[in-house]
Amino acid sequence: MAERADLSAAGLRPSVVTDPATRGARAARGLWPRCTCGRRSIMGLPGRLKNNRAMVARKRFWLKPNMGFADRIMWHLGWEPRMLNIAGLVLAAAGWVLLRSPFGLLFGAVVLVLRWKTAALINSAAQERIPEAGALVKQEGADRLGVQLSNTETYVITSGRGSSPVGVKAKAEYDITVVYVADVFFAIYAGASFRLAKLEIELPAKGEEIYFRHVSAINYQDPFIEVVLANGRTTRQFKVGAMGEVSVLEALRTKLRSTVTQPARRAAVSSPSEPDNIDVAAPVPMARIEPLRTEGTEADEGERYCYLRFSRLMQLYQDPVVLDALIEQLEVPGKTSVIKRLTEREKQEAIETQIDHFRRTPTSVWHGVATYEVLAASIWRAQDVFLPRRLVREIFARVSQEEDLLRPISKWLLNRGFEPYMEVPLGRRRIDVLGHKASGIGRSVSLAAVELKNDDIQFARGIDQMGTFAEYAHTVYLACTPAFCAEYLDRNAESRGVNHWDPGVLERKLSVGGFGLLIVERDTVFEGLKPLERAPSSTNVATAVNGLSSVRRVEC
């Protein structure tokens, strides 16, 4: 008794049950342990048990199905058909010799009938044996992990492997994984195998349980369930095989989300000197997630996500090519063959569910980011991998050189009463475009400076230049394409110490200096951010106006 107490305290169980009632229950279940160390003993303890407690935990079981002697022989011959094949050849040869006719070869057809019967027996019995093995692994895993089945959702995942004889549909061997999902933790008992031919179950030595409060994300990459711990740097992988459905993953994610009781706050920075707190909305139950709008209104023309117009984004969201790229870019879980059969709306729902998962995950780059922003940014990030670079450049209206922005900006200035001039000297630098509005009755002269930028690397120098221009002009703008803005946000998210997508970092940087933002989409210009109205000194204004005589006016 003292020895049994020691084994129980160590979390191990002896290979042989000595209690008669328990032994009878095990016999009724058709499950008997077999010792794998030293001398084997069916009804008593192994000879070496007392000297080697590492071998105490049970490792193998054999199913004892209710099969007669004839069925057992046919079961064995079905999995090892070599003897039947030899017998068929012998009978065919004997028939040829006895009948001295080719019809004697038909004697060998007796073996073909036996092969068909053995295959039918295996296919029929396997439908009962495989679920039985799964149920036994589930019970043994619960016992080893200390899980109460009545208080958990249990998922048994079986994955067949190996080749089978001709006519046998079942696989020779199955990997069995059991996932136990409770309210505050989940446990995975992985690594069990069931050899159908021998009716042998091999159990892993242990399982593992993880509490949801220590988890930030749960993903599935065939054949692994991947668990990212809350520190963001530790990832655990559990091999579970191919999952024909994603109910296990959905159950785990639903429990993970339900453990979040308060919205998290995260500081997103564009640089160490620019902290900014982002408020994250409280989690919404999955059943209440509403589908995204797929149609825009006139009021949505000024609405942008990753600097892509909302109406354009919704057009792309209905494109099958873009949907497939988003599924790959966002790593939507599921087998490729299953995802390809989904309808357009089902793909959108899968994408939105994955985005919602990322938005609620504290260590995700999309934590707390608006759903439409994630969509647009994911389209940008999919270039060169899941979408052609040329297509993404067209979507975000990229231009090949900075000079391509000159004519649209000049037209925009003309429409507002300014005469556009290019390369005007202001102090020690030259502004790309300067709009001049002459003074009139009740109106003083007005200057609008516009700095053109198409290269994110030169933007830091451009901010310094715009600070100089602010001493001479009444308003100062940065003009760029949506592609420039998206690239800036992407680079910021990848910066060291950031690891978070911050949609407002560019506008905050411009607002600090009082600068405006003009977004150029081919021949159309949108004012994304209004500038601060300044009052430069009359001397500087006069200097700027006098300099217009030596530069060229832009002809539109």
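The values are calculated or read from the model by the stated rules, or taken from the named source; none is laboratory data. Just so it is clear, the structure is predicted and the values come from calculations on it, not from any experiment. Please note: Cβ atoms are built from the backbone with ideal geometry, for glycine as well, and neighbour counts cover all protein chains shown.
Listed values, structure above:
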{"quantity": "Qualifying residues in the range 494-533 (those that are surrounded by fewer than 16 Cβ atoms within 10 Å (Cβ to Cβ) and among the basic types (K, R)) - the one modelled with the lowest pLDDT", "calculated": "R496"}
{"quantity": "Checking A125 against (1) in contact with a Leu (Cβ under 7 Å, 6 or more places away or on another chain); (2) surrounded by 14 or more Cβ atoms within 10 Å (Cβ to Cβ), the condition it does not meet", "calculated": "(1)"}
{"quantity": "Where a residue in the range 426-449 is at positive phi and its partner, wherever it lies, is outside any strand (DSSP E or B) and surrounded by 14 or more Cβ atoms within 10 Å (Cβ to Cβ), with Cβ under 7 Å and at least six apart", "calculated": "G427/T468; G427/E471; G427/Y472"}
{"quantity": "Residues located in the range 356-367, provided they are touching a helix residue (DSSP H, G or I) at 6+ places or on another chain (Cβ under 9 Å), assigned to a loop (DSSP other than H, G, I, E, B) and surrounded by fewer than 23 Cβ atoms within 10 Å (Cβ to Cβ)", "calculated": "S364, V365, H367"}
{"quantity": "Among the residues listed as S378, S400, the single one being assigned to a helix (DSSP H, G or I), free of Cβ contacts under 8 Å to residues at least 60 places away in the same chain, among the small types (G, A, S) and at negative phi", "calculated": "S378"}
{"quantity": "Selection within the range 316-329 - surrounded by 15 or more Cβ atoms within 10 Å (Cβ to Cβ), in contact with a helix residue (DSSP H, G or I) (Cβ under 9 Å, 6 or more places away or on another chain) and outside any loop (DSSP other than H, G, I, E, B)", "calculated": "L316, V322, L323, D324, A325, L326, I327, Q329"}
{"quantity": "Pick from the range 171-187, criterion aliphatic (A, V, I, L, M) and crowded, with 21+ Cβ neighbours inside 10 Å, ranking: farthest from the chain's Cα centre (by Cα)", "calculated": "I176"}
{"quantity": "Conditions (1) touching a helix residue (DSSP H, G or I) at 6+ places or on another chain (Cβ under 7 Å); (2) without any contact (Cβ under 8 Å) to a residue 24 or more places away in the chain; (3) of a type in the set (A, V, I, L, M): number failed by V520", "calculated": "(2)"}
{"quantity": "Looking only at the range 368-388, and only at residues there that are over 17 Å from the mean Cα position of the chain (by Cα) and over 21 Å from S311 (Cα atoms), the one that is surrounded by the most Cβ atoms within 10 Å (Cβ to Cβ)", "calculated": "P388"}
{"quantity": "Selected residue (criterion: nearest to the chain's Cα centre (by Cα)) from residues of the range 410-425 that are part of a helix (DSSP H, G or I) and in contact (Cβ under 8 Å) with a residue 60 or more places away in the chain", "calculated": "W412"}
{"quantity": "Test for S549: is it within 27 Å of L313 (Cα to Cα) and at pLDDT below 90", "calculated": "no"}
{"quantity": "Filter pass, E301 being modelled with pLDDT under 90, of a type in the set (D, E) and in contact with a helix residue (DSSP H, G or I) (Cβ under 9 Å, 6 or more places away or on another chain)", "calculated": "yes"}
{"quantity": "Failed item in (1) in contact with a His (Cβ under 8 Å, 6 or more places away or on another chain); (2) farther than 22 Å from W412 by Cα, with P503 passing the rest", "calculated": "(1)"}
{"quantity": "Criterion: over 19 Å from L63 (Cα atoms) and either without any contact (Cβ under 8 Å) to a residue 12 or more places away in the chain or among the hydrophobic types (A, V, I, L, M, F, W, C) (or both) - qualifying residue of L112, L203", "calculated": "L112"}
{"quantity": "Test: R407 is assigned to a helix (DSSP H, G or I) and either assigned by TED's automatic domain parsing to the domain that holds E527 or among the polar types (S, T, N, Q) (or both)", "calculated": "yes"}
{"quantity": "Residue list for the range 91-111, restricted to those being under 23 Å from A70 (Cβ atoms) and surrounded by fewer than 13 Cβ atoms within 10 Å (Cβ to Cβ)", "calculated": "none"}
{"quantity": "The range 353-388: number of residues that are among the basic types (K, R) and either under 30 Å from L447 (Cα atoms) or at pLDDT below 90 (or both)", "calculated": "2"}
{"quantity": "Where A119 falls short, out of the listed (1) surrounded by fewer than 16 Cβ atoms within 10 Å (Cβ to Cβ); (2) within 29 Å of M74 (Cα to Cα); (3) among the small types (G, A, S)", "calculated": "(1)"}
{"quantity": "Residue in the range 450-462 that is at pLDDT 85 or above, more than 19 Å from V525 (Cβ to Cβ), buried (at least 16 other Cβ atoms within 10 Å of the Cβ) and of a type outside the set (S, T, N, Q) present", "calculated": "no"}
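Table: residues versus (1) within 25 Å of I210 (Cα to Cα); (2) in a helix (DSSP H, G or I).
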{"site": "G134", "(1), (2)": "yes, yes"}
{"site": "Q139", "(1), (2)": "yes, yes"}
{"site": "R144", "(1), (2)": "yes, yes"}
{"site": "S150", "(1), (2)": "yes, yes"}
{"site": "T154", "(1), (2)": "yes, no"}
{"site": "I157", "(1), (2)": "yes, no"}
{"site": "S163", "(1), (2)": "no, no"}
{"site": "K169", "(1), (2)": "no, no"}
{"site": "T177", "(1), (2)": "yes, no"}
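For every residue, the table says whether it meets (1) at pLDDT below 50; (2) under 29 Å from G141 (Cβ atoms); (3) not assigned by TED's automatic domain parsing to the domain that holds L196.
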site: C37; (1), (2), (3): yes, yes, yes
site: G44; (1), (2), (3): yes, yes, yes
site: N51; (1), (2), (3): yes, yes, yes
site: A54; (1), (2), (3): yes, yes, yes
site: L63; (1), (2), (3): no, yes, yes
site: H76; (1), (2), (3): no, no, no
site: R82; (1), (2), (3): no, no, no
site: V97; (1), (2), (3): no, no, no
site: R100; (1), (2), (3): no, no, no
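Here's the yes/no breakdown for (1) within 30 Å of the chain's Cα centre (by Cα); (2) modelled with pLDDT under 90; (3) of a type in the set (K, R); (4) more than 20 Å from G207 (Cα to Cα):
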position	(1), (2), (3), (4)
L121	no, yes, no, yes
A126	no, yes, no, yes
A142	yes, yes, no, no
L145	yes, yes, no, no
Q148	no, yes, no, no
Y155	yes, yes, no, no
